[in-house]
């Protein structure tokens, strides 16, 4: 199968990987932290061996297999092995609790689960009685007696070299585009998770169109660190495999900086929060030295005058820009390994200020937009066709239209087959003409670029009838290095307020510098000098907002929100329902004198 032959199933992609004759298709870290290669032939043989094990346990076409693991080579092998025999894999975030995992495994009717570590095994095994599980495979060595060692299933696989199995190959080829490939449970920012049923054809058609303008090739390298249970990361890895790009697996986010230094990737893909945190870290370090702070401010000022040139993929010819590049911009690029030629951002909306900041330091961020239900890409900015601030140009094989209330509707071959066992949710997701309701508010400009404003369900409506989109305002607040997260409140109230979750690394540093001593974080955020600091941040953002949008009150919470503590999804989006419930008393206090206060 050649590089230019369109994919019809994910198994076509696997065949392309197997035929690549790439001695270093995958890199993984051993127990000593050394990077070890896996060749195309080894991938084929390991997939073939695991597929044979699944078949020996009675797995049939359409059966579901749960996959609960961090990013590692075994994830890819398990994925390809399940799909090769027509089974359906169900990727589940390893950060979920045992009870949460049990609900998804039971809902999907999985009889087999593949987990990464002893911790994941123990978590799942404790709730096994709530599921239909018959077998649990464990990737790490030293599996307990009740687990099946992953390595046992692959014994002798690597010794088969370039040998091919015509029976296995024929089985993989027999899988059709209409066949179900995966159930991906949405992370649920506003409601209960639903199993999105994607066919082989859904994913393959998106793979054929989405990466066209990026010129990925076998000289490229990517670090796979975004959770593979999320559709964005998985689709990205498929693109990389399809184009022969070397994929290096990083299973722990805190190991990413070291991995970037060692792998020096040429392609980097992150959710907006990754780029926001890198910007905040650059600004925090610069703030430690008056000289560095002035240098960064000067360099960004110079870069801002050439941001459009950078975003168009060109290197500014200005001598001043070249000097700023040598003194400042190159240091930012080094944080990514120093070799990245393509930066892509997805999974959540990127703030325009963040895009402009990175263009000002010589980095063009190509933003894309999509949903799990659309396999995933709907629109994409590329080096050839782009507009800063837009979600991108819609793909050529999808149709878009806007409902009367501004909701974006989509139709095309990458739109999902439906929600698993949820007929009411399916009926609600589509209109009478078969258009999928994305739940996002958007608009198309005169040139056809798509802009996304906010989630429809997350729009705040003041008691005066004004609609406020929270995400753009929250993004403006997060541009400040002292703000890790922000959550607007004010639905059905006279005015808008905001809860601020600090970047405590930066805040505690600022507090030490200003001689503030606090017993704990609650004491710190209650300090009058800290409140004055955040009041100034809010005041600055208010200067760019319409009066009805402006933030009349704020509270700084003593918590740094995260996925682990439950306020963020794995793609780093706010779980508004969780935040609203957790801080209900605080929000109530913000509005306790609303009747007598000045409104909008």
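Go through (1) on the phi > 0 side of the Ramachandran plot; (2) at pLDDT 95 or above for residue 465 and report which single condition fails.
Unmet condition: (2).
Might you let me know whether the range 341-353 holds any residue that is free of Cβ contacts under 8 Å to residues at least 24 places away in the same chain and either part of a loop (DSSP other than H, G, I, E, B) or within 23 Å of residue 476 (Cβ to Cβ) (or both)?
Checked against the condition, which is being free of Cβ contacts under 8 Å to residues at least 24 places away in the same chain and either part of a loop (DSSP other than H, G, I, E, B) or within 23 Å of residue 476 (Cβ to Cβ) (or both), the range 341-353 yields no hits at all.
Could you run through the range 556-583 and say how many residues are more than 26 Å from residue 508 (Cβ to Cβ) and at pLDDT 95 or above?
Number of matching residues: 0.
For the range 190-212, give me each residue that is in contact with a strand residue (DSSP E or B) (Cβ under 7 Å, 6 or more places away or on another chain) and either modelled with pLDDT under 90 or in a loop (DSSP other than H, G, I, E, B) (or both).
Answer for the range 190-212, where residues must be in contact with a strand residue (DSSP E or B) (Cβ under 7 Å, 6 or more places away or on another chain) and either modelled with pLDDT under 90 or in a loop (DSSP other than H, G, I, E, B) (or both): 193, 194, 210.
Considering only residues that are under 13 Å from residue 415 (Cβ atoms) and touching a residue at least 40 places away in the same chain (Cβ under 8 Å), which ones fall in the range 433-451?
Hits for the range 433-451 are 436, 438.
Identify the residue in the range 462-477 that is out of contact with any strand residue (DSSP E or B) (no Cβ under 7 Å at 6 or more places or on another chain) and not in a helix (DSSP H, G or I) and, among all such residues, is surrounded by the fewest Cβ atoms within 10 Å (Cβ to Cβ).
If we take residues in the range 462-477 being out of contact with any strand residue (DSSP E or B) (no Cβ under 7 Å at 6 or more places or on another chain) and not in a helix (DSSP H, G or I), then 465 is surrounded by the fewest Cβ atoms within 10 Å (Cβ to Cβ).
Please specify each residue of the range 549-568 satisfying the condition of being touching a residue at least 60 places away in the same chain (Cβ under 8 Å) and assigned to a strand (DSSP E or B).
551, 568
Of the residues that sit in the range 260-279 and are crowded, with 21+ Cβ neighbours inside 10 Å and in contact with a helix residue (DSSP H, G or I) (Cβ under 7 Å, 6 or more places away or on another chain), which one is farthest from residue 563 (Cα to Cα)?
269
Quick one: would you say residue 40 is under 19 Å from residue 13 (Cβ atoms), touching a helix residue (DSSP H, G or I) at 6+ places or on another chain (Cβ under 7 Å) and free of Cβ contacts under 8 Å to residues at least 24 places away in the same chain?
It is true that residue 40 is under 19 Å from residue 13 (Cβ atoms), touching a helix residue (DSSP H, G or I) at 6+ places or on another chain (Cβ under 7 Å) and free of Cβ contacts under 8 Å to residues at least 24 places away in the same chain.
Residues are listed down the side, and each one gets a yes or a no for (1) buried (at least 16 other Cβ atoms within 10 Å of the Cβ); (2) in contact with a strand residue (DSSP E or B) (Cβ under 9 Å, 6 or more places away or on another chain):
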| position | (1), (2) |
| --- | --- |
| 9 | yes, yes |
| 14 | yes, no |
| 34 | no, no |
| 43 | yes, yes |
| 50 | yes, yes |
| 73 | yes, yes |
| 101 | yes, yes |
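Looking at 529, 512, which is the one that is part of a helix (DSSP H, G or I) and out of contact with any helix residue (DSSP H, G or I) (no Cβ under 9 Å at 6 or more places or on another chain)?
512
So, in the range 19-37, of the ones that are touching a residue at least 60 places away in the same chain (Cβ under 8 Å) and under 16 Å from residue 162 (Cα atoms), which residue ends up nearest to the chain's Cα centre (by Cα)?
25
Take residue 113 and tell me if it is buried (at least 19 other Cβ atoms within 10 Å of the Cβ) and either part of a loop (DSSP other than H, G, I, E, B) or not assigned by TED's automatic domain parsing to the domain that holds residue 58 (or both).
Against the criterion (buried (at least 19 other Cβ atoms within 10 Å of the Cβ) and either part of a loop (DSSP other than H, G, I, E, B) or not assigned by TED's automatic domain parsing to the domain that holds residue 58 (or both)), residue 113 does not qualify.
Every residue in the range 237-259 that is under 24 Å from residue 564 (Cα atoms) and out of contact with any helix residue (DSSP H, G or I) (no Cβ under 8 Å at 6 or more places or on another chain), please.
Answer for the range 237-259, where residues must be under 24 Å from residue 564 (Cα atoms) and out of contact with any helix residue (DSSP H, G or I) (no Cβ under 8 Å at 6 or more places or on another chain): 251, 252, 253, 254, 255, 256, 257, 258, 259.
Exactly one of these conditions fails for residue 586: (1) part of a helix (DSSP H, G or I); (2) out of contact with any strand residue (DSSP E or B) (no Cβ under 6 Å at 6 or more places or on another chain); (3) surrounded by fewer than 20 Cβ atoms within 10 Å (Cβ to Cβ). Give me its number.
So the condition that residue 586 fails would be (2).
Limited to the range 117-137, what total is found for residues that are in contact with a helix residue (DSSP H, G or I) (Cβ under 7 Å, 6 or more places away or on another chain) and either modelled with pLDDT under 95 or buried (at least 21 other Cβ atoms within 10 Å of the Cβ) (or both)?
The qualifying residues number 4.
Tell me, yes or no, whether the range 539-548 has at least one residue that is part of a loop (DSSP other than H, G, I, E, B) and free of Cβ contacts under 8 Å to residues at least 12 places away in the same chain.
To start, the set of residues in the range 539-548 that are part of a loop (DSSP other than H, G, I, E, B) comprises 543-548.
When the remaining residues are screened for being free of Cβ contacts under 8 Å to residues at least 12 places away in the same chain, the result is 543, 546.
The answer is yes; a qualifying residue exists.
Can you tell me which residue in the range 280-293 is nearest to residue 94 (Cα to Cα), limited to those that are in contact with a helix residue (DSSP H, G or I) (Cβ under 8 Å, 6 or more places away or on another chain) and without any contact (Cβ under 8 Å) to a residue 12 or more places away in the chain?
Going through the qualifying residues, I end up with 285.
If you go through the range 443-459 one residue at a time, do you hit one that is assigned to a loop (DSSP other than H, G, I, E, B) and at pLDDT below 95?
yes
When you scan the range 398-416, how many residues do you find that are assigned to a loop (DSSP other than H, G, I, E, B) and in contact with a strand residue (DSSP E or B) (Cβ under 9 Å, 6 or more places away or on another chain)?
Number satisfying all stated conditions: 8.
Surrounded by 14 or more Cβ atoms within 10 Å (Cβ to Cβ), touching a strand residue (DSSP E or B) at 6+ places or on another chain (Cβ under 7 Å), more than 30 Å from residue 108 (Cα to Cα) and in contact (Cβ under 8 Å) with a residue 24 or more places away in the chain: which single residue out of 459, 482 fits that description?
Of 459, 482, the one residue that is surrounded by 14 or more Cβ atoms within 10 Å (Cβ to Cβ), touching a strand residue (DSSP E or B) at 6+ places or on another chain (Cβ under 7 Å), more than 30 Å from residue 108 (Cα to Cα) and in contact (Cβ under 8 Å) with a residue 24 or more places away in the chain is 482.
Based on this model, can you work out whether residue 219 counts as over 19 Å from residue 29 (Cβ atoms) and in contact with a strand residue (DSSP E or B) (Cβ under 8 Å, 6 or more places away or on another chain)?
Considered against the rule, which asks whether it is over 19 Å from residue 29 (Cβ atoms) and in contact with a strand residue (DSSP E or B) (Cβ under 8 Å, 6 or more places away or on another chain), residue 219 comes out as no.
Just need a number here: residues in the range 145-184 that are outside any helix (DSSP H, G or I), more than 26 Å from residue 16 (Cβ to Cβ) and at pLDDT 95 or above.
Qualifying residue count, the range 145-184: 4.
The values are calculated or read from the model by the stated rules, or taken from the named source; none is laboratory data. Given the structure is predicted, the values throughout are model-derived calculations rather than measurements. Cβ atoms come from the backbone with ideal geometry, glycine included; neighbour counts cover every protein chain shown.
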